[in-house]
């Protein structure tokens, strides 16, 4: 890699604040729309079945282009790609906020996804550049960075409620614009520079991955409406499978692929990314349907609905910054990933018992806190394991892969859980009993995903050399 200009040591922790803000914002943009969805649905003409595309249009593009974002970060320089990503995210936010119909809204969300796909892997690469030489500092930096992701997801619900209640839904997008301006202005002074390395860009691979993943999500989301046995459902799903298979063929044959398949020979890389994917697949459907339960069944308005999830945010911050690093150092990554997923499954199972005449204190708060604790315990060790499994010069690639795993897991998980929930009544607005049955089915399905994560973590994650040495 080329030489880099690194800011003074005294600025590294300030730089970490900017990096954590980036992670907070790109994840917040997946959730800040949650409370605003009913108003967007009424004003822009979304159906209940297609409402999840306000989320998926962002996440599918985000996840599909993350590998490209990581590659560009390695080739063009992480700071340059980081700043470019903020510019694109700001432009997409303006478009989404000004949308007058569903098509323009989804286009704006897709552009936001492009920006996020540039920001996320470059931010993680910059973190490694700043703290990678000191393992103890790196662990602290990972804790702050890791906490920013689920905290951004949960805090986004609160901020979305606040904005929707006291301003209007377009401002859940416009809020990104001044933050993007500040981030671009601060980046040169705080973040290490560098021109990156020489190489080519696998545009074909990026297109195949994005179209394949988007097709898979589209077919699953539409299945309850078109029928699971319909030609359309299986035709689109088969086309998505072909595109993803072609992506793997291209990666195997290209001299400089977007995702070198040999990278998965690294110990625990595949297992850690699988854990991240299943975490996203269980966690994102939880907040999506929990927010709908609060508004459409319990009758909360936008602001109280967002505020109801603040305890989760506080516990996630505490868990990721304080609890998870200490327990991981004591018990090892494998134990913490499995325990965290098990607690997440328990919290989701508890949420599946929600009632049409339930209350926040009895039906939501305790179960959501158990789920939040589980998320915080599993997220940090799986993220650190995924990033540290590869060589330092593949930092952009590793960060792109792990971000892709979480985001695509989120999109596919929400698509599958939505498809399961709709036949049980999750689309029957105005019928609290039917809606509750549907939301209960959604929480049960998400719990099953988390249980699958526990089983796979136990079967696939290996103790690292450092953990074996410490145990000896």
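So here's what we get for this one:
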quantity	calculated
In the range 151-178, the residues that are outside any helix (DSSP H, G or I) and either crowded, with 18+ Cβ neighbours inside 10 Å or touching a strand residue (DSSP E or B) at 6+ places or on another chain (Cβ under 7 Å) (or both)	169, 170, 175
Among the residues listed as 173, 158, the single one being touching a helix residue (DSSP H, G or I) at 6+ places or on another chain (Cβ under 8 Å), more than 21 Å from residue 79 (Cβ to Cβ) and at pLDDT 90 or above	173
Number of the condition not met by residue 240 [criteria: (1) closer than 24 Å to residue 414 by Cβ; (2) surrounded by 20 or more Cβ atoms within 10 Å (Cβ to Cβ); (3) within 19 Å of the chain's Cα centre (by Cα)]	(3)
Residue within the range 355-363 that is in a helix (DSSP H, G or I), buried (at least 19 other Cβ atoms within 10 Å of the Cβ) and assigned by TED's automatic domain parsing to the domain that holds residue 32 present	yes
Of residues in the range 14-51 being closer than 20 Å to residue 93 by Cβ and in a loop (DSSP other than H, G, I, E, B), the one farthest from the chain's Cα centre (by Cα)	46
Members of the range 303-327 that are crowded, with 24+ Cβ neighbours inside 10 Å and assigned to a helix (DSSP H, G or I)	305, 306, 312, 316, 319, 320, 324
Qualifying position, being assigned to a helix (DSSP H, G or I) and assigned by TED's automatic domain parsing to the domain that holds residue 444, among 223, 271	271
Considering residues of the range 18-60 that are touching a helix residue (DSSP H, G or I) at 6+ places or on another chain (Cβ under 7 Å) and without any contact (Cβ under 8 Å) to a residue 60 or more places away in the chain only, the residue surrounded by the fewest Cβ atoms within 10 Å (Cβ to Cβ)	45
Filtered residue count, the range 1-55, keeping only those that are closer than 28 Å to residue 75 by Cα and modelled with pLDDT under 80	11
Filter result (in contact (Cβ under 8 Å) with a residue 60 or more places away in the chain and buried (at least 24 other Cβ atoms within 10 Å of the Cβ)) within the range 118-129	119, 120, 121, 122, 123, 124, 125, 126, 127
Single residue of the range 249-267 satisfying the filter (surrounded by fewer than 17 Cβ atoms within 10 Å (Cβ to Cβ) and assigned to a helix (DSSP H, G or I)) that is nearest to the chain's Cα centre (by Cα)	264
Every pair of residues 6+ apart whose Cβ atoms lie under 6 Å, when the first sits in the range 435-459 and is on the phi > 0 side of the Ramachandran plot while the second is modelled with pLDDT of 95 or more and in a helix (DSSP H, G or I)	none
Conditions (1) closer than 30 Å to residue 355 by Cβ; (2) in contact with a helix residue (DSSP H, G or I) (Cβ under 6 Å, 6 or more places away or on another chain); (3) touching a residue at least 40 places away in the same chain (Cβ under 8 Å); number of the one not met by residue 424	(3)
Single match in 464, 418, 444 (criterion: at pLDDT 90 or above and in the same structural domain as residue 269 (by TED's automatic domain parsing))	444
Index of the failed condition, residue 146 passing every other in (1) out of contact with any helix residue (DSSP H, G or I) (no Cβ under 6 Å at 6 or more places or on another chain); (2) buried (at least 24 other Cβ atoms within 10 Å of the Cβ)	(1)
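The values are calculated or read from the model by the stated rules, or taken from the named source; none is laboratory data. Predicted, not measured: the structure shown is a model, and the values here were computed from it. Quick reminder, even Gly has a Cβ in these numbers, built from the backbone with ideal geometry, and neighbours come from all protein chains shown.
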